[in-house]
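What follows is a set of notes on a single structure, which appears directly below.
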């Protein structure tokens, strides 16, 4: 009898401990043209949270919905964590320090990074900013953190 009760309680504990507590984050960015006719990031829409029923795809749909409320006929640049970070993690949104494009007109770029901890999320955000802005150099332009949180 004791072995049976122990086996049931072990199964119940295993079931409870394997329940995922997913972390979700998504960022959609509206792009506008500056005076030189080049694109820059003008506004971002961020959705994030932690729930067993939410992943990056759900957060992405919510961020796109927020974007669509303000910019009905525009296609945003979006990034999300998909089904990564099933046990939670961290996200960081950074704004690149480069304020002028190659023609001297207004310029701005944001980037979303995510990872298991803040350090990994910041590293991912910097890599994403380099992908989105080939002229950005951290030592030269720097960055500022626009948003960050655990997910």
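The values are calculated or read from the model by the stated rules, or taken from the named source; none is laboratory data. As the structure is a prediction and not an experimental result, all values here were calculated from the model. Positions of Cβ are backbone-derived with ideal geometry, glycine not excepted, and every protein chain shown enters the neighbour counts.
Which of the residues belonging to the stretch 125-151 are crowded, with 20+ Cβ neighbours inside 10 Å and under 14 Å from the mean Cα position of the chain (by Cα)?
Hits for the stretch 125-151 are 125, 128, 129, 151.
Counting just the residues of the stretch 120-148 that are in contact with a strand residue (DSSP E or B) (Cβ under 6 Å, 6 or more places away or on another chain) and part of a loop (DSSP other than H, G, I, E, B), which one comes out nearest to residue 29 (Cα to Cα)?
133
Filter the stretch 49-61 for residues that are outside any helix (DSSP H, G or I) and either surrounded by fewer than 21 Cβ atoms within 10 Å (Cβ to Cβ) or touching a helix residue (DSSP H, G or I) at 6+ places or on another chain (Cβ under 6 Å) (or both) and give the result.
So in the stretch 49-61, the residues outside any helix (DSSP H, G or I) come out as 49-55.
Of everything in the stretch 49-61, those that are outside any helix (DSSP H, G or I) and either surrounded by fewer than 21 Cβ atoms within 10 Å (Cβ to Cβ) or touching a helix residue (DSSP H, G or I) at 6+ places or on another chain (Cβ under 6 Å) (or both) turn out to be 49, 50, 51, 52, 53, 54.
Picking from 79, 98, 64, which residue would you name as being part of a loop (DSSP other than H, G, I, E, B) and surrounded by 15 or more Cβ atoms within 10 Å (Cβ to Cβ)? Outline the logic, then answer.
On the way: 79 fails: part of a loop (DSSP other than H, G, I, E, B); 64 fails: part of a loop (DSSP other than H, G, I, E, B).
Being part of a loop (DSSP other than H, G, I, E, B) and surrounded by 15 or more Cβ atoms within 10 Å (Cβ to Cβ) holds for just one of 79, 98, 64, which is 98.
Which residue is surrounded by the most Cβ atoms within 10 Å (Cβ to Cβ), if the candidates are limited to the stretch 101-119 and must be assigned to a strand (DSSP E or B) and more than 9 Å from the chain's Cα centre (by Cα)?
Filtering the stretch 101-119 for residues assigned to a strand (DSSP E or B) gives 106, 110-115.
So of that shortlist, the ones also more than 9 Å from the chain's Cα centre (by Cα) come out as 106, 110, 115.
Values: 106: 15, 110: 25, 115: 19.
This residue is 110.
Does residue 54 count as under 13 Å from residue 25 (Cα atoms) and at pLDDT 95 or above?
Details: under 13 Å from residue 25 (Cα atoms): yes; at pLDDT 95 or above: no.
No.
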